[in-house]
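Notes for the one structure printed next.
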Amino acid sequence: MVRVLVTGFEEFGDEPVNPSRMLVRELDGQVLGRAQVYGFALPVSYSRVRRAVRYLLEDIDPDIVLSFGLSPQRTVVSVERIALNYAYSRMPDNDGVVLNHKKIVENGPIALESTINVFKTTELFLENGVPAIVSYHAGTFLCNYVFYLMLYYSINNKRKVGFIHIPYTHRDVINMLGGSKPKIAPSIDGDKLLQAIRKLVLYLAEEE
């Protein structure tokens, strides 16, 4: 079997939900063709997520890693091509830590490139009814932090590593609008998103 690690994140900041957490819950334990999927929601914490990434890569030794993160302001799925070796954000992580212009890996490359085919991945989303683009900037908060670490710790093997930013789903926004603090945000069809991700896992596993 091809081992596929799928990661999302817990809620952070003022965001009441995180659809990437819901995705990994749905996918965890599924067998898709030749792929055995392992899903985990990562902490939004610089120190704890570094330990979690190392542990998951060593414990599962996945052939493929697909990491997902929420970008509330984006209107489409964004398939990230580049991870930068810098952490910077004025917003603290969930432990209250703020990193300003800090290298993620002191002597690591300034940037690392996704090892999945970002163009084919974007086409696959589009073919399955999900609006998607190739993105060249994953930000400098925890999403980029995890993307860089996954790639850095996989430099010496043939592991495929990709990172994908997602908006809220329609269901998320409907629930938020019905809450005590209504929130308006861009959203996409969550069922189509999940189905497209399953197709992506199948495609990547068949390449192994």
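Derivation of every value follows stated rules applied to the coordinates shown; laboratory data play no part. These numbers come from a predicted model, not from an experiment. Cβ atoms come from the backbone with ideal geometry, glycine included; neighbour counts cover every protein chain shown.
Remarks
- Antiparallel content of DSSP bridges confined to region 2-207, in %, to 5: 25
- Using just its DSSP H runs of length 4 or more, each adding -39500 (n - 2.57), the chain gives a mean residue ellipticity at 222 nm of -10500 deg cm²/dmol after division by all residues.
- The residues packed around Tyr88, meaning those with a beta-carbon under 15 Å from its beta-carbon, carry a net charge of +2 if Lys and Arg are +1 and Asp and Glu are -1.
- Computed E for Asn107/Gln36 - FRET, C-beta separation, R0 22 angstrom, nearest 0.05: 0.05
- Placing unit charges on the Cβ atoms of the charged side chains and taking the dipole of region 2-207 about its Cα centre, the candidate lying farthest along the positive direction among Phe68, Leu202, Ile104 is Ile104.
- Euclidean distance of C-alpha centroids, region 79-132 and region 26-59, integer Å: 16
- Given Lys120/Lys192; Lys102/Lys160; Lys120/Lys160; Lys160/Lys199; Lys158/Lys199, the pairs whose alpha carbons are separated by over 24 Å: Lys102/Lys160
- Calculated FRET efficiency for the pair Asn128/Tyr55, C-beta based, R₀ 30 Å, to 0.05: 0.40
- Of the residues Ala41, Ala87, Ser114, the one whose Cα sits farthest towards the positive end of the charge dipole of the chain is Ala87 (charges of +1 on Lys and Arg Cβ, -1 on Asp and Glu Cβ, taken about the Cα centre).
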